Structure formats: structure tokens, C-alpha cells
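Encoded as C-alpha cells, the structure appears first; notes follow it.
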Amino acid sequence: MDSLRGAAILLVVLLHAGEAIRVAVGPTAGVDEVNLFLEPFRMPVLMFLSGVLLPQSVAKPGGRYFAGKVSMVAWPYLLWSVLILAASGDIHPVSVLQIFYLSPTYLWYLWFILVFYALAYPLRRVPPLAVAAVGLGVSLLLPDGSRPETMAFLSAFFFFGAWCAQHPGRVERAINRPWVLAVATGSAVAVGLLNVSGHEVLYRAEYVWGVVGGLAVVCWMFPRLGRNWATSALEFAGRYSIVFYVAHLGPIMITLALADALGVAEAWFMLPLLLLAGVGVPLGLAWMYSTRKHASVNLLFELPALKRRPREPARRTRRART
């Protein structure tokens with residue numbers, strides 16, 4: 001699961017690197033097509049993987065559940081939203097207020113996750129597949145391309161992930177059937193190609209069959225990759241995906257601005273350079289975060305005060321009477 005999450009988050013970095021070049025100097029042959037083909041799958045896969053952890057989370061007492069979400073999701077979302085607004089020169093009372101109800105930066109994924117976690121606890125006794133079906137149905141009724149439609153659509157994958165976590169045997173038997181895998185592959189390729197050709201596919205419930213197909217393919221494929229240096233690297237990126245997600249775009253934009261000032265923004269090496277910046281900086285931060293030795297770095301990605309430490313058993317000793 002970590003390696004799949006790592007692959008998905010690195011594809012988000014690729015997306016933003018490609019978009020940065022496209023906005024600055026125009027389309028990049030091959031890169032735009034790859035990003036368009038993968039576009040329908042990236043965020044649904046990340047939402048699905050977050051949902052897989054939900055049954056384990058909602059089993060905790062309410063206080064621990066919500067404290068954990070505030071510490072590990074709400075805090076980095078709020079902190080980095082303010083940092084991004086400040087860096088872009090767009091920090092004012094209206095934009096800061098929008099952090100709570102609109103998510104004015106590229107961190108909207110974390111905002112969605114917070115909403116889903118808030119709904120999940122009171123709905124913990126409702127079958128998650130039913131909640132997913134409601135989310136998908138609601139997305140059909142909302143305006144196309146709107147933020148509410150996107151949220152409703154992705155909520156379906158979040159709660160579908162929770163259902164799959166509760167029924168791993170059924171999921172494994174289904175995706176191991178050759179005909180299921182063949183249909184899933186064909187469906188995913190069809191939706192990816194439709195998106196490349198300009199059809200309105202992204203976050204549309206009408207094309208959920210292809211997105212689910214892509215999800216089935218990667219869930220079948222990644223457990224079979226084995227243990228090697230590549231999967232270990234992806235697992236590290238997946239375990240610290242929050243770092244890569246919040247901290248990748250700034251280095252990409254700074255690198256692009258420097259290249260533009262030097263007049264080399266259109267050079268062939270720009271995409272590898274942007275990817276190096278977009279992966280390298282978060283990788284360094286993730287490594288420092290993983291050591292747990294730098295309180296200032298830790299504070300960028302969690303609020304330690306809310307993390308409950310295990311209680312040490314009370315020691316009751318009696319002095320022997322002599």
C-alpha cells in the first residue's frame with residue numbers, strides 16, 4: 001500500500017512539473033499526454049488508500065480519533081495553506097478564511113480528507129459501501145466540474161477503500177480472476193484515452209467504471225512487484241506522502257523562475273530539473289522528519305501536543321516492614 005501511495009504522489013509531482021512548463025513555455029510533447037492519461041486515476045487512488053486505513057482508525061475512541069486527524073491532517077493543512085498564501089502574496093483575511101471552507105490552494109485533497117474523516121466517525125456503523133454509493137449518486141446531481149461534484153465523487157473512493165479493507169478476501173479473489181483483470185485493464189485504458197482525446201472524464205460518475213478498473217489493475221500489480229530498491233523508495237515516499245504533497249510545488253516554481261531569469265526555461269533538461277527539485281526537497285524534509293530528531297521539521301507536518309503517548313503503568317511499591 002505504501003509503494004502504491006508513493007507512486008501516486010510522485011505522479012502528482014510529475015503533473016505539477018509538467019503544468020509549470022506548459023504554463024511557462026507551452027505544451028511539452030509526450031509529458032502532457034502522459035499526465036492526461038493518468039489524470040482520472042491519481043486522486044481516486046490516493047483517496048482509496050486513505051479509506052483503506054479508515055476501519056482501523058474509527059475503531060479508536062472518539063477523542064483519540066479526532067486528535068489524531070487534527071494533529072496529522074488538519075495542522076499541516078492549515079500551516080501549509082498559510083505558508084503558500086504568504087509565499088504567493090495572496091494572504092489577506094478573505095483568503096485565510098477560505099482555508100476553512102474552500103481550500104484556495106493546491107492542498108484541497110487534505111481539506112477533502114478532513115471532511116471525509118469528520119463524516120466517517122458518526123457514520124462508522126453504516127456500511128461503507130452504502131456511503132460510497134450515496135456519494136457517487138450525489139455527484140451525478142451536482143454541477144459538472146464543480147468543487148462539490150469532485151468532493152462527492154472522491155468520497156465514493158474513500159469509503160470504497162474502507163469497504164475493501166473490511167473484505168480483503170473478496171477483493172483479492174475478484175481481481176485474481178483473469179477475465180476481471182482483462183476487463184479492468186481495458187476499462188482503464190479506455191477512460192485514460194478518452195481523457196487524452198479531450199472528453200470530460202475527470203471526476204465524472206459516468207466514467208467511474210474505468211477508474212475502478214484502473215484501481216483493480218494497480219491493486220493486483222503492486223503486491224507482485226516484490227521487494228527491491230525501487231519499491232523500497234516508493235514505500236518511503238508513500239509513508240511520508242504528506243511531506244511530498246505539501247512541499248513539492250514551491251521548489252518547482254522557484255526552479256522554473258530561476259531558469260526563466262537565466263533564459264533556459266525552454267531547454268530540454270527543464271523537466272528533469274523540475275522533477276529533481278520537486279522530489280529532492282521533499283525527500284530531504286521527509287528524511288529529517290523520519291529521524292524524529294528535528295522538532296522544527298516535525299512541527300511542519302504534525303502537531304505533537306495532540307498525539308497521545310501510551311501511558312506507563314503505575315508503579316505501586318510497598319516498602320517492606322522490618
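The values are calculated or read from the model by the stated rules, or taken from the named source; none is laboratory data. For clarity, every value in this text was computed on a predicted model and none was experimentally measured. Don't worry about glycine lacking a Cβ; one is built from the backbone with ideal geometry, like all the others, and counts go over all protein chains shown. When the accessible area is computed, the model is the full protein with side chains, heavy atoms only, and any ligands, DNA or RNA have been set aside. Shrake-Rupley method; radii C 1.70, N 1.55, O 1.52, S 1.80 Å.
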Among residues of region 139-164 being open to solvent by less than 60 Å² (accessible area, probe 1.4 Å) and without any contact (Cβ under 8 Å) to a residue 24 or more places away in the chain, the residue farthest from MET1 (Cα to Cα) is LEU142
Residues of region 93-115 being modelled with pLDDT of 95 or more and over 17 Å from PHE244 (Cβ atoms), in sequence order, are TRP111, PHE112, LEU114, VAL115
The residue from ALA8, ALA17 that alone is buried (at least 22 other Cβ atoms within 10 Å of the Cβ), aliphatic (A, V, I, L, M) and within 23 Å of TRP209 (Cβ to Cβ) is ALA8
When region 119-177 is checked residue by residue, the ones that are of a type in the set (Ser, Thr, Tyr) and in contact with a helix residue (DSSP H, G or I) (Cβ under 9 Å, 6 or more places away or on another chain) are TYR121, SER139, THR150, SER155
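Every residue, every condition in (1) at pLDDT 95 or above; (2) not hydroxyl-bearing (Ser, Thr, Tyr), yes or no:
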| site | (1), (2) |
| --- | --- |
| ALA162 | yes, yes |
| THR185 | yes, no |
| VAL191 | yes, yes |
| GLY198 | no, yes |
| TRP209 | yes, yes |
| LEU225 | no, yes |
Of the residues in region 55-89, those that are of a type in the set (Val, Ile, Thr), open to solvent by 30 Å² or more (accessible area, probe 1.4 Å) and in contact (Cβ under 8 Å) with a residue 40 or more places away in the chain number 2
Practice task
Check region 42-63 and report whether any residue there is farther than 25 Å from ALA132 by Cβ, at pLDDT below 95 and part of a helix (DSSP H, G or I).
Solution key: yes
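Looking at ARG124, ARG170, ARG177, which one is out of contact with any Leu (no Cβ under 7 Å at 6 or more places or on another chain), basic (Lys, Arg) and surrounded by 13 or more Cβ atoms within 10 Å (Cβ to Cβ)?
After applying the criteria, what remains is ARG124.
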Test for SER50: is it surrounded by 15 or more Cβ atoms within 10 Å (Cβ to Cβ), more than 26 Å from LEU202 (Cα to Cα), touching a residue at least 12 places away in the same chain (Cβ under 8 Å) and of a type outside the set (A, V, I, L, M): no
Next on the checklist: Condition check: assigned to a helix (DSSP H, G or I) and crowded, with 17+ Cβ neighbours inside 10 Å. Does PHE100 satisfy that?
Outcome noted: no
All conditions in (1) touching a Ser or Thr at 6+ places or on another chain (Cβ under 8 Å); (2) modelled with pLDDT under 90 are true of ASP90 except (1)
Practice task
Return a yes/no flag: does region 134-147 have any residue that is at positive phi, more than 15 Å from the chain's Cα centre (by Cα) and part of a loop (DSSP other than H, G, I, E, B).
Solution key: yes
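If I filter region 183-193 for residues that are in a helix (DSSP H, G or I), without any contact (Cβ under 8 Å) to a residue 60 or more places away in the chain, β-branched (Val, Ile, Thr) and open to solvent by 70 Å² or more (accessible area, probe 1.4 Å), do I get at least one hit?
Yes - at least one qualifying residue is present in region 183-193.
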